[in-house]
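**Student:** Have a look at this one before I ask anything.
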């Protein structure tokens, strides 16, 4: 039986037609013999990748500078502290001992014993600092983060300090471990549990959706196995690049890598399985069915993966080191997911045969070029086709109304607002602020010319928001002065004070002075994130536009689709802001708009790509209007399933006690649902129908070219209803 005897060539598959060897290579997984070769090669690859991927966690670099902006003043200050004062990557742990009735001699003895015991963490800590009201003592323990395992060691040190500080405390003495080190340990507890809950939730969602969609108790195991191998292989590739190419990986990067590989891989698998099941109804031979499915699915999947990969690589233009480093790591994950889903998964599906869909095994029931337009999504398409202009106008107005809510976005989370609950670092900061200047746990570091000590001290003294200034320390030609702020670290008021100090010192004392510390770092992160948003977001949009132009060979359609993407993101952000307020978290992390935009545009546009490539294919066969309706009808089920999987994956972030992760999960989940249920279902099809064939200008899908005498009959004879 000749390949694709009963199906029209896919005019939209230019990505595969450019090279005959590439086409043959892409179809290897569907070969009667080559499928076994593919399976053996992947099993060998998985065996090699597993031990390498397991080493990725140990290869992480959680150096403080990896989370700071390149070239920012606070980053330079950190480097100056290392080079001239031997400070290194230091985060102070602040231990607050408090008693409402006043500190007793036993309380002081307990604090002094702790001070002596905690000398093992890098030298004897500074003397105890009693509060002015006599009801608290403050012990500061500097903890270092140097080395590849520096952050892990710091977290372990905080755990040990908390255990020892609480042990044997006199009755009635309240002990809290807070400060930047305490907050870092609490954040680690949040991110340390990201991968497990996300993967378990996604596995459950995928299994349920596949069972419901295909009514098969075993089919869901195959894509999950494939994605699991993808994740292991992606970790291995990243690890090798860390070891041999100098790639820098952080804990955040590895968590996002897992989520993206699983989410994107599952989406691609759903699309391929749906098309394979569809082709099994046309072909007796499952190998031919898979070849047809691959030829018709690969253009959309490759375009989608290309969009996501290039969008992620746009992060290389960012100044934030953590944001910049995320790009190549996540892009590797997408590429690995693409390869595994288009090579390993087809081979597994063909090897396991039609019985994989048991008990509802798809049989060959028709030979026409199209699919029936009945079913719920066919009825939705028919309804949109009756009045397309009112549909897209109403959809656009509704999305624009939601987008208005984005005007109420308040960026900037203080450390006390970063958690959904009240970990010890937050409650400890509250106690500290009640007895000391709120910034005592995280003083500013001011580095300047040693000859200008008096001028620098005078410039800082008396500024609003400055509670105290320490004597100057000198090392060679550099001096170090610490300033205590009146406001909590990372708060907007404290960041404003940092700005005033920088202006005063630079203008009146030393133009080359550097002001660092955790609050200065927060200010630089906020400013740099704003810069990165203005630079990276347009780059991502340009990438999406170019990929759509190449894929659809049109100018009109890509511009309209890009406009729908921007409108959808605005609506998602606006709706999410209202949800944040309802959840009691009105302030958001500075990185939320950029990360949300990247995920929603790069991943959310998948669904529009899937539908529009099918629309172009169907238009070439049966005309524009009917082709758009049919594309919506036959892709509705799989795209909705994929959207629900991705939305549920990110929504699972809401179970973590981090406000930033909760908000990212809400934003992406809302955006994906809007893309799936409104943009792809109503807005884009209605626009396509209202504009008509001009949508494909300057190109135009050609007429169906079905070999053999059945061409005319196949194009005019209605397909049987109820097949899907």
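The values are calculated or read from the model by the stated rules, or taken from the named source; none is laboratory data. The model shown is predicted, which means the values in this text are computed figures rather than measured ones. Quick reminder, even Gly has a Cβ in these numbers, built from the backbone with ideal geometry, and neighbours come from all protein chains shown.
**Student:** Buried (at least 16 other Cβ atoms within 10 Å of the Cβ), part of a loop (DSSP other than H, G, I, E, B), within 36 Å of the chain's Cα centre (by Cα) and touching a residue at least 12 places away in the same chain (Cβ under 8 Å): which single residue out of 439, 490 fits that description?
**Tutor:** Unique residue meeting the criteria: 490.
**Student:** Going through 484, 523, 479, 463 one at a time, which residue ends up being in a helix (DSSP H, G or I), in contact with a helix residue (DSSP H, G or I) (Cβ under 7 Å, 6 or more places away or on another chain) and at negative phi?
**Tutor:** 523
**Student:** Read through the list (1) assigned to a helix (DSSP H, G or I); (2) touching a strand residue (DSSP E or B) at 6+ places or on another chain (Cβ under 8 Å), then give the number of the only condition that residue 140 fails.
**Tutor:** Every condition holds for residue 140 apart from (1).
**Student:** Taking the criterion of being modelled with pLDDT under 85, more than 19 Å from residue 642 (Cα to Cα) and outside the structural domain of residue 661 (by TED's automatic domain parsing), would at least one residue in the range 254-266 satisfy it?
**Tutor:** Scanning the range 254-266, I find at least one residue that is modelled with pLDDT under 85, more than 19 Å from residue 642 (Cα to Cα) and outside the structural domain of residue 661 (by TED's automatic domain parsing), so the answer is yes.
**Student:** When you scan the range 214-330 for helices (runs of 4 or more DSSP H) that lie fully inside it, which ones turn up with 1 or more residues that are within 20 Å of the chain's Cα centre (by Cα) and over 24 Å from residue 52 (Cβ atoms)?
**Tutor:** Per the criteria, 251-280, 286-313.
**Student:** Right, something else. Regarding residue 74, is this residue at pLDDT 60 or above, crowded, with 18+ Cβ neighbours inside 10 Å and assigned to a loop (DSSP other than H, G, I, E, B)?
**Tutor:** On the way: at pLDDT 60 or above: yes; crowded, with 18+ Cβ neighbours inside 10 Å: yes; assigned to a loop (DSSP other than H, G, I, E, B): no.
No.
**Student:** Of the conditions (1) crowded, with 18+ Cβ neighbours inside 10 Å; (2) in contact with a strand residue (DSSP E or B) (Cβ under 8 Å, 6 or more places away or on another chain), residue 473 satisfies every one except a single condition; which number is it?
**Tutor:** It is condition (1) that residue 473 fails.
**Student:** Right, next: Give the residue, chosen from 174, 168, that is in contact with a strand residue (DSSP E or B) (Cβ under 8 Å, 6 or more places away or on another chain), within 29 Å of residue 423 (Cβ to Cβ), modelled with pLDDT of 85 or more and not assigned by TED's automatic domain parsing to the domain that holds residue 47.
**Tutor:** The match here is 174.
**Student:** I would also like to ask the following. So if I check each of 7, 34, 18, which one is within 30 Å of residue 291 (Cβ to Cβ), at pLDDT below 90 and either in the same structural domain as residue 136 (by TED's automatic domain parsing) or buried (at least 20 other Cβ atoms within 10 Å of the Cβ) (or both)?
**Tutor:** Of the residues listed, the single one that is within 30 Å of residue 291 (Cβ to Cβ), at pLDDT below 90 and either in the same structural domain as residue 136 (by TED's automatic domain parsing) or buried (at least 20 other Cβ atoms within 10 Å of the Cβ) (or both) is 7.
**Student:** Can you give me the number of residues within the range 47-57 that are modelled with pLDDT of 85 or more and crowded, with 19+ Cβ neighbours inside 10 Å?
**Tutor:** So the count comes out to 1.
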